[in-house]
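The values are calculated or read from the model by the stated rules, or taken from the named source; none is laboratory data. In this text the structure is predicted, and so the values were computed from the model without any measurement. Backbone-built Cβ (ideal geometry, glycine too); neighbour counts: all protein chains shown. Only protein heavy atoms, including side chains, enter the accessible area calculation; ligands, DNA and RNA are left aside. Shrake-Rupley method; radii C 1.70, N 1.55, O 1.52, S 1.80 Å.
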There are 2 protein chains.
Amino acid sequence: MTSFPGTELAKRGGAPDCVQTIELVRDVLARVGDKWTLLTITALASGPLRFTALHEQVAGVSQRMLSQTLRALTRDGLVTRTAYPEVPPRVEYALTPLGRSLSEAVDGLVHWVRSHQGDIARNRDEFDRTPVAKTPRQRL
Amino acid sequence: MTSFPGTELAKRGGAPDCVQTIELVRDVLARVGDKWTLLTITALASGPLRFTALHEQVAGVSQRMLSQTLRALTRDGLVTRTAYPEVPPRVEYALTPLGRSLSEAVDGLVHWVRSHQGDIARNRDEFDRTPVAKTPRQRL
DNA sequence: CGGGATCCATACTGATACTG
DNA sequence: CAGTATCAGTATGGATCCCG
């Protein structure tokens with residue numbers, strides 16, 4: 001369960017090395033978990049798309065955010081950016097093998113969420129409904 | 001590759017239903033990918049811990065953030081909060097079965113990252129080193 | 001000891017306007 | 001078409017003080 005090599009020791013001691021790994025894991029998770037990345041990757045999953053196509057498809061994203069997201073993904077080598085020197089500029093984005101690889105890895109989480117979203121929803125619901133029990137205290 | 005039921009259709013059409021799922025997936029991913037969650041879960045992976053213990057172990061987290069993170073995790077039913085009515089207050093946090101389940105699911109990503117961090121680092125490095133070629137600009 | 005309530009600095013985001 | 005630059009509102013994280 002989330003076992004990094006040396007986690008046990010590092011945790012109870014003072015972590016020097018594995019922290020780097022955790023940082024990177026979180027970094028990747030943060031990117032994937034960011035507001036537009038998952039939508040963007042999903043959109044590209046079925047094939048290359050142009051900027052405008054993505055902009056329409058992701059629905060809700062601003063040019064700015066889409067641009068940023070794509071640059072970040074490109075930087076990590078998860079997506080390729082191909083510009084064709086044509087009269088009306090044309091740029092296509094596509095998932096790289098690495099991108100697809102990550103996409104598949106993410107699938108695990110996706111499935112987990114799909115099969116446990118009920119539990120989470122139920123827990124949240126109960127937690128929110130609970131007046132003042134476990135939660136220390138509160139005043140209105 | 002990140003295949004949600006009906007993703008293909010929804011993508012090329014106009015997504016109504018699966019969007020909800022994606023939203024929730026992103027929601028969970030965002031939580032896991034948030035700055036302190038992964039560290040916190042990892043810390044709790046080897047057993048229950050008190051607030052202060054966590055505070056020391058996670059290293060760098062403020063009381064506020066730790067408190068928030070724990071409340072969010074508790075709300076989702078991923079962590080339990082047990083307060084013992086003793087003279088010096090004592091509260092223990094522990095992963096729930098659901099929490100461990102998620103933790104295991106996250107392992108997939110962890111392993112992916114571990115085996116591809118080299119690629120990512122290399123890509124970023126190259127991307128950043130590239131002056132101003134095709135990529136409009138560099139830097140985030 | 002375990003947080004809640006506040007205040008403040010900064011990061012992030014969206015809307016808008018402007019280019020090659 | 002495919003972005004970038006700018007500005008303003010908002011969300012986020014940390015530091016601090018305080019109370020049960």
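Taking a probe of 1.4 angstrom, what is the accessible area of A:Glu126 in Å², to the nearest 10?
Answer for A:Glu126: close to 120 Å² accessible.
Distances from A:Gln63 to the same position in the other copies: list them in nm, one decimal, shortest first, using label points 7 Å from Cα along Cα→Cβ.
Inter-copy label distances (nm, one decimal, shortest first): 4.8.
What figure in square angstrom, to the nearest 10, would you give for the accessible area of A:Arg71 with a 1.4 Å probe?
Counting only protein heavy atoms, the figure is 80 Å².
If packing is taken as the average number of other Cβ atoms within 10 Å across a peptide's residues, how do B:52-60, B:101-109 rank, most packed first? Can you show the working numbers first?
On the way: B:52-60: 15.4, B:101-109: 20.1.
With the highest mean Cβ count within 10 Å placed first, the list reads B:101-109, B:52-60.
Taking each label point as 7 Å beyond Cα in the direction of the beta carbon, state the distances from B:Leu24 to the same residue in the other copies, shortest first, in nm.
Reported distances to equivalent positions: 3.3 nm.
Within 10 Å of each Cβ of A:69-75, how many other protein chain Cβ atoms are there on average? Don't skip to the end; give the middle numbers.
Numbers: counts 0, 0, 7, 3, 0, 4, 12.
Averaged over the peptide's residues, the number is 4.
If I compute solvent accessible area with a 1.4 Å probe over the protein chains, what percent of it on region B:18-128 is carbon and sulfur? Intermediate values should be presented prior to the final figure.
Values: 2560 of 5040 Å².
After summing per-atom areas, the C and S share lands at 51 percent.
Could you pull the copy-to-copy label distances for B:Tyr84, with points set 7 Å along Cα to Cβ, in nm to one decimal and sorted shortest first?
6.9
In peptide B:42-48, what is the residue-averaged number of other protein chain Cβ atoms found within 10 Å of each Cβ? Present the calculation step by step, with values, prior to reporting the outcome.
Values: counts 12, 3, 3, 7, 6, 2, 0.
Mean inter-chain Cβ contacts per residue within 10 Å come to 5.
So what are the ³J(HN,Hα) numbers for region B:97-103, from phi and the Karplus equation (6.51, -1.76, 1.60; θ = phi - 60°), rounded to whole Hz, Gly and Pro as x?
x, 4, x, 5, 4, 4, 3
Using the heavy atoms of the protein chains alone and a 1.4 angstrom probe, what is the accessible area of region B:18-128 per residue in square angstrom?
45 Å²
Give me the summed buried accessible area for the B-A pair, 1.4 Å probe, to the nearest 100 Å². Mind showing how you got there, number by number?
Values: alone 10630 and 10750 Å², together 14930 Å².
Buried surface at the B/A interface: approximately 6400 Å².
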